[in-house]
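Remarks on the structure that follows.
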Amino acid sequence: MAHPTEPLHRARDVRGGEIILRTRRRRLIFAAGLAAFVLFALVAAILAPH
């Protein structure tokens, strides 16, 4: 079995990640994803049987 070429990282060292949106394109994609999630949740709540 081959050894991984990438270094191993301890969980406590990489915990608490930070979202880095450096370009305008990445910010737009991120915002569109959040908006789509909220819209989906609203539509699901409205269409859910009561």
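Here, each number is a calculation from the coordinates, and none is a lab measurement. From a predicted model like this one, the values you see are computed outputs, not experimental measurements. Because the Cβ atoms are built from the backbone with ideal geometry, glycine has one as well, and the counts that use them run over all protein chains shown.
Between 0 and 90 degrees, the angle of helix 24-47 with respect to the longest Cα principal axis of the chain falls at about 50 degrees.
How large is Rg/Rh for the chain, to two decimals, with Cα atoms and a Kirkwood Rh?
Working: Rg = 18.8 Å, Rh = 15.0 Å.
Result: Rg/Rh = 1.26.
The loop-placed trypsin sites (Lys or Arg not before Pro) in the chain, going by DSSP, that have at most 12 neighbouring Cβ atoms within 10 Å of their Cβ come out as Arg10, Arg15, Arg22.
Between Thr5 and Arg25, what's the calculated FRET efficiency when r is the beta-carbon distance and R0 is 25 Å? Round to 0.05. Write out the running numbers ahead of the final one.
Numbers: r = 29 Å, r/R0 = 1.18.
That pair, Thr5 with Arg25, gives E of 0.25.
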